[in-house]
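Worksheet for the structure shown next.
The values are calculated or read from the model by the stated rules, or taken from the named source; none is laboratory data. Just so we're clear, the structure is a prediction, and the values are computed from it rather than from any experiment. All Cβ positions, even for glycine, are placed from backbone atoms using ideal geometry, and neighbour counts span all protein chains on display. SASA here: full protein model, heavy atoms, side chains in, ligands and nucleic acids out. Shrake-Rupley method; radii C 1.70, N 1.55, O 1.52, S 1.80 Å.
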Amino acid sequence: CNNNFKINKEDWLNWKIWCNTCPKCAFVFAILRPYLDKKEVLKIFWEDLLYKESLEKTFLELLWLDWIKPFECVWELEEVVYSFYKFYDFYPKKNLPNILKIFKEKVLDKNNKEFFIWLEKKLLTIYDNNLIPKDLKINF
């Protein structure tokens, strides 16, 4: 997050390096959430950002449901959609964050499981035509 370097140097020095209010924080949270349990996420962000009403518009933008892409971070729409798909079931349906209710209605319910399988393959395949240095490539 770039905000905490500008806003509160004291928080940064105490390892609170995420402001939890900007598009970059929302994006990184969304990308990490499928791969970290709740305890690990709270160590990093101190709160579950999906429950922050103030970030709902930002998450809609990240999912391109608001048609404005934040300038602050670079990502592919598919990355965020796939992440939301992967962590949707982590949340109890009785206390589902509003942004996940919107995601279910606008994305999840309109796509079948094959779409998400295709998306996973697209995002997680390492193609031969890439710029990864040979000494850093991992053979799968």
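Heavy atoms only, probe 1.4 Å: what % of the accessible area of the stretch 13-140 goes to carbon and sulfur, would you let me know? All intermediate terms of the calculation are to be shown ahead of the outcome.
Details: 5060 of 8740 Å².
Taking all protein chains in place, the stretch 13-140 shows 58 percent carbon and sulfur surface.
Given the pairs 52/86; 86/106; 52/93; 52/122; 43/110, which span a C-alpha to C-alpha distance of over 27 angstrom in this model?
On the way: 52/86 20 Å; 86/106 16 Å; 52/93 17 Å; 52/122 30 Å; 43/110 34 Å.
Where the Cα-Cα span goes over 27 Å, the pairs concerned are 52/122; 43/110.
So between residue 57 and residue 134, what do we pick up on full extension, going 0.36 nm a residue minus the alpha carbon distance? Write out the running numbers ahead of the final one.
Values: separation 77, 0.36 × 77 = 27.72 nm, distance 4.07 nm.
That pair, residue 57 and residue 134, stretches by 23.6 nm at full extension.
Based on the mean of other beta carbon atoms within 10 Å per residue, what is the order of 123-129, 110-116, most packed first? Show your work: numbers first, answer last.
On the way: 123-129: 7.9, 110-116: 11.0.
With the highest mean Cβ count within 10 Å placed first, the list reads 110-116, 123-129.
How much length would be gained if the chain were fully extended between residue 119 and residue 104, taking 0.36 nm per residue of separation minus their Cα-Cα distance, in nm to one decimal? Numbers along the way, then the final one.
Numbers: separation 15, 0.36 × 15 = 5.40 nm, distance 1.66 nm.
Once the chain is fully extended between residue 119 and residue 104, it gains 3.7 nm.
Applying a 10 Å radius around every beta-carbon, put 130-138, 59-67, 36-44, 17-25 in order of their mean neighbour count, most first.
Working: 130-138: 6.8, 59-67: 17.6, 36-44: 12.3, 17-25: 19.4.
Packing proxy ranking, top to bottom: 17-25, 59-67, 36-44, 130-138.
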